[in-house]
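Derivation of every value follows stated rules applied to the coordinates shown; laboratory data play no part. This is a predicted model, so every value here is computed, not measured. Note: ideal-geometry Cβ built from the backbone for every residue, glycine included; neighbour counts use all protein chains shown.
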Amino acid sequence: MPGSIICAKEWLTTTSKGHKNMNCRLATMADYPHIRAIYAQYMATPITFEYTLPSEEEYAARLASIQKENPCLVSTDNGRVTGFCYAHCPWERRAYQWNTELSIYLDRESVGRGTGTRLYSATLALLRLQNYRVALGCITVPNKASIALHTRFGFRQSALFERAGYKNGKWHDVVWLSLDLCDDDAAPKAIVPVQSLNGDEVARILKEASD
């Protein structure tokens with residue numbers, strides 16, 4: 001589902017301001033309403049292919065399910081949640097389990113301030129620790145900002161699906177981008193749930209992504 005998106009200027013007007021006190025951390029249940037509020041900013045755009053905003057209960061259940069195994073990070077500025085990024089399994093078959101899809105959404109006032117870069121950097125570092133092999137991004141196009149972000153991290157386009165989704169009275173194309181998280185072809189290691197990772201390593205990664 002499209003969602004690996006830094007706000008597209010084509011679809012959402014944003015402002016750009018400097019950071020004051022940016023922090024990157026694992027999301028908690030207390031963050032869920034703020035995460036949903038940011039997601040709501042995109043409901044009128046083709047950035048997400050959902051037609052209606054999930055209820056608070058539905059969205060909380062979605063995030064809680066993701067966090068059983070995968071990272072869900074939030075960025076904060078002086079304590080206010082300004083963006084979030086999470087990874088989730090895109091396909092059900094067991095042979096796909098070493099693939100993970102990223103989704104990222106930013107508050108419109110935080111676009112263009114480096115928040116997305118920090119969230120992506122920390123999330124990808126955690127995914128490598130978890131033994132994932134491939135990170136994926138699914139992007140509704142055109143979206144020059146999101147494509148540029150993924151390219152900076154080494155993502156390459158793997159597929160283009162024309163007229164993949166219908167929203168706001170028109171068809172939209174999506175592209176899938178992929179990033180190899182491990183260079184060798186050795187047999188994969190078991191996926192380590194994010195909550196079971198070394199706490200010091202997680203803290204280091206999050207600190208490096210924060211001011």
Taking Cα pairs closer than 8 Å and at least 6 residues apart, the relative contact order of region 22-206 in percent is 22 percent
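Ranked from highest to lowest mean number of other Cβ atoms within 10 Å per residue, what is the order of the peptides 141-154, 183-196?
On the way: 141-154: 17.0, 183-196: 11.2.
In descending order of packing, they fall as 141-154, 183-196.
Would you calculate, for the chain, the mean residue ellipticity at 222 nm contributed by helices, counting each DSSP H stretch of 4 or more residues as -39,500 (n - 2.57) and dividing by all residues, to the nearest 500? Walk me through the numbers before you get to the answer.
Numbers: 5 runs with 55 residues, N = 211.
For the chain, the value works out to -8000 deg cm²/dmol.
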Dipole of the chain, positive end: most advanced residue of 60, 140, 181 [Cβ charges, Cα centre]: 140
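Give, in nm to one decimal, the length gained when the segment between residue 45 and residue 148 is fully stretched (0.36 nm per residue of separation minus the Cα-Cα distance). Each step should come with its number before you reach the end.
Numbers: separation 103, 0.36 × 103 = 37.08 nm, distance 1.96 nm.
35.1 nm is the gain from fully extending residue 45 to residue 148.
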Net charge dipole size for the chain [Lys, Arg +1 and Asp, Glu -1 on Cβ; Debye, nearest 20]: 380 debye
Just checking my list [x] 35; [y] 40; [z] 43 against percent of Cα pairs over 25 Å apart computed from this structure; which label fits? [x]
Say the dipole of the chain comes from +1 at the beta carbon of Lys and Arg and -1 at that of Asp and Glu; which of 21, 99, 199 then lies farthest toward its positive end? 21
Please give the Cα centre distance for region 182-211 versus region 35-108, rounded to the nearest Å. 19 Å
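For region 97-189, just say rounded, prolate or oblate: build the C-alpha gyration tensor, square-root its eigenvalues into a ≥ b ≥ c, call rounded for a/c under 1.5, and beyond that prolate if a/b exceeds b/c, oblate if not.
Numbers: a/c = 2.36, a/b = 1.36, b/c = 1.74.
Oblate shape, in that a/c is at least 1.5 and b/c is the bigger or equal ratio.
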